Every structure is written in C-alpha cells, then in structure tokens.
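Below: one structure, written as structure tokens.
Read-outs: derived from the displayed coordinates by stated rules, not from any lab. Everything numeric in this text was worked out from a predicted model, so none of it was measured. As a convention, Cβ positions derive from the backbone with ideal geometry for all residues, glycine included, and neighbour counts pool all protein chains shown.
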Amino acid sequence: MIAVREGWELDVMRSAGRKLAEVVARVTERVAVGMTTKEIDAITEDAILAVGAKPAFKGYKPGKVAYPASICISINEQVVHGVPGKRRLHEGDLVSLDFGLVYGGYYADTAFTLLIPPGDPLDQALLDGTREALYVGVAQARHGRRVGDIGYAIENYVTPLGFGVVTDMVGHGIGRRLHEEPSVPNYGRKDTGAPLVPGMVIAIEPMITRGGGEIKTLADHWTVATKDNSRSAHFEHTVAITPKGPEILTTLDPVPLLQPNIR
Ligand code: MF3
Ligand code: CO
Ligand code: CO
C-alpha cells in the first residue's frame with residue numbers, strides 16, 4: 001500500500017525536511033579539503049542532534065550489516081552509501097553527501113554532490129546535469145502524473161548529455177519509514193507506474209555517471225561504486241505531491257513550490 005499522508009503529517013514532514021536542510025547548510029559550510037570523511041560524519045551527527053532530530057542512517061539494517069554512520073559520503077567512482085572513515089578529501093574529488101534524519105516519527109532524506117576545486121570540467125558537467133535532472137524529475141511529481149513520468153524525464157534529460165543512469169538503485173516513498181513504496185526509478189516510460197496523488201511523499205534521487213550505469217558493492221558491504229570506475233553524481237530531495245504541485249521539503253527556499261510545468 002502506498003501511503004497518502006494527512007495534512008498534519010505533511011506538516012511534521014515539512015518540519016523534518018526543513019531541519020534536514022538546516023543540517024545540510026551547517027555541515028556544508030564546514031566541509032573543507034583535507035578533512036576526513038569521519039570528521040564530516042561527526043559534524044553531521046552533532047548538527048542532526050542540535051536540531052532536535054535523530055540520525056536516520058545510523059543502525060539502519062536492511063540486510064546483514066547495519067550502517068555505521070550518520071551520513072553517506074561517496075567519492076569519485078563511488079555512487080552512494082560510502083561509509084565515513086579515514087579518507088581525506090582531496091582537490092578534484094567529486095564528493096556526494098547524503099543526509100537523513102527522523103523527527104516526530106517522520107523521515108527526511110536529501111543528497112547533493114560537490115566538486116573540490118580545482119575540478120575537472122567534465123565532472124562539473126556531470127554534477128550540473130545530475131542536479132538539473134533532479135529538478136526535471138521533481139517537476140513531474142504532480143497529481144495526474146505517474147511514477148514512470150519522473151523516471152522518463154530524468155533518463156531523457158541525462159542520456160543525450162552522454163551520461164549513464166544507475167538503474168539498480170532507485171528513489172522511494174518516504175514517511176514513517178526511510179524507504180516506503182513506491183520505488184521511484186531514474187528511468188521509465190511515460191504514463192506508467194503508480195499514479196501520483198496529493199499526500200504522497202517521495203524521495204527523488206538521480207544517480208548518474210560519466211560512463212555506464214552498472215554498479216558493484218564494495219567489501220565493506222555498503223559502498224556502491226560504478227563497475228567501470230567512471231565518476232558518479234547524486235542529488236536527492238524529499239518531495240510532497242500537493243494540490244498546488246510538487247513541494248520540496250528538504251530545502252530552506254522560502255517558496256519551495258515549482259511553477260506548473262508543461263509536459
Ligand atoms: N540515503 C539513502 C537513500 O537515499 C539511504 C541510505 S541508507 C544507509 O535512500 F544506511 F546507507 F545510510
Ligand atoms: Co538519501
Ligand atoms: Co533516498
């Protein structure tokens with residue numbers, strides 16, 4: 001069953017999303033070249049607790065091994081779920097940061113990629129294309145559209161740019177659990193999949209590469225990297241479908257609604 005949230009639940013999820021956006025802002029202003037990923041994890045955990053929330057990822061255990069940290073940091077050919085450790089950020093690194101918290105019983109999930117200067121222009125193009133792909137997907141998160149419209153829009157935007165779409169990892173419904181129905185793939189066909197209706201909340205999260213879309217999981221049981229070692233970017237927002245259109249919950253933007261868009 002796909003959850004359709006009541007108005008009061010959306011208000012709690014708005015608070016959770018805003019808190020996560022505050023966490024992202026606080027952490028981002030402190031990230032610097034030379035820092036270890038474990039240091040960024042500690043800063044993130046402190047920031048999540050400081051806004052009165054709990055880390056969503058720490059202890060998360062869908063399989064055999066619980067996730068050990070409060071943030072996922074995935075560098076260069078790593079796609080998602082990179083585990084913080086002793087590795088230091090270097091010039092030219094393409095760094096994806098994925099943040100999650102739970103507040104008032106509701107989850108929020110957001111990610112972005114940054115390029116540490118001086119960066120490769122092709123990495124910058126990947127980063128820009130993946131961020132734009134997220135917003136192209138968000139624009140489809142409207143009553144009357146279906147999940148396949150989101151995936152189609154994302155795939156159709158990035159493929160002509162020459163980038164690869166990771167298909168084995170997908171976006172998801174979100175609410176009382178981090179991962180809920182429906183799956184929200186970054187590929188698809190128009191007018192297919194679950195219908196989108198007001199009250200649904202989904203995490204849209206394109207994972208895009210400079211090479212192919214195939215992935216592998218590393219020996220730490222968590223870190224996902226491209227099979228061809230091509231570099232990868234990841235952007236994610238938690239988005240509510242409202243009667244007025246898509247509302248991005250994980251932002252500090254005073255007007256988090258997109259304008260109506262034309263198909
Ligand atoms: N944030 C991831 C997502 O976007 C999930 C991370 S689960 C973790 O769905 F355990 F790896 F943190
Ligand atoms: Co995430
Ligand atoms: Co997610």
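In table form, for the structure just shown:
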quantity: Residue-averaged [θ]222 nm for the chain, counting only DSSP H segments that reach four residues, each worth -39500 (n - 2.57); calculated: -8500 deg cm²/dmol
quantity: At R0 = 35 Å, FRET efficiency that the Cβ-Cβ distance of Met1 and Val65 yields, to 0.05; calculated: 0.75
quantity: Shape of region 172-263, Cα gyration tensor, a/c cut at 1.5; calculated: prolate
quantity: Test item: Cα-centred dipole of region 163-263, Lys/Arg +1 and Asp/Glu -1 on Cβ, debye; calculated: 200
quantity: The chain: C-alpha gyration tensor shape, a/c 1.5 cut-off, then a/b vs b/c; calculated: oblate
quantity: Between region 213-259 and region 169-209, the alpha-carbon center distance in angstrom; calculated: 10
quantity: The chain - percent relative contact order, Cα under 8 Å, separation 6 or more; calculated: 22
quantity: Dipole axis of region 7-248 (+1 Lys, Arg; -1 Asp, Glu on Cβ), positive-most option in Ile116, His179, Gln140; calculated: His179
quantity: Ordering of 159-166, 196-203 by burial proxy (mean other Cβ atoms within 10 Å per residue, highest first); calculated: 196-203, 159-166
quantity: Rounded Å value of the spacing that divides the Cα centres of region 17-82 and region 91-168; calculated: 17
quantity: Cα-centred dipole magnitude for the chain, charges only on beta-carbon of K, R (+1) and D, E (-1), debye, nearest 20; calculated: 440
quantity: Student exercise, region 41-126 dipole from Lys, Arg, Asp, Glu Cβ charges, in Debye to nearest 20; calculated: 480
quantity: Förster radius 35 Å - calculated FRET efficiency between Leu122 and Lys190 (Cβ-Cβ, nearest 0.05); calculated: 0.70
quantity: Ascending count of other beta-carbon atoms within 10 Å, so fewest first, for Thr28, Thr238; calculated: Thr28, Thr238
quantity: Rounded D (µm²/s) - region 1-128, Kirkwood Rh over Cα pairs, Stokes-Einstein at 25 °C, 0.890 mPa s; calculated: 159
quantity: Signed unit charges on C-beta, dipole axis of the chain, positive-most listed residue Leu161, Gly100, Thr44; calculated: Gly100
quantity: Rough spin-label spacing in nm, given labels placed 7 Å along Cα→Cβ, for Leu161 and His221; calculated: 3.5
quantity: Gain in span if fully extended, Val255 to Met35, counting 0.36 nm per residue against the direct Cα distance; calculated: 75.8 nm
quantity: Gyration tensor (alpha-carbon) shape descriptor, region 98-217, a/c threshold 1.5; calculated: oblate
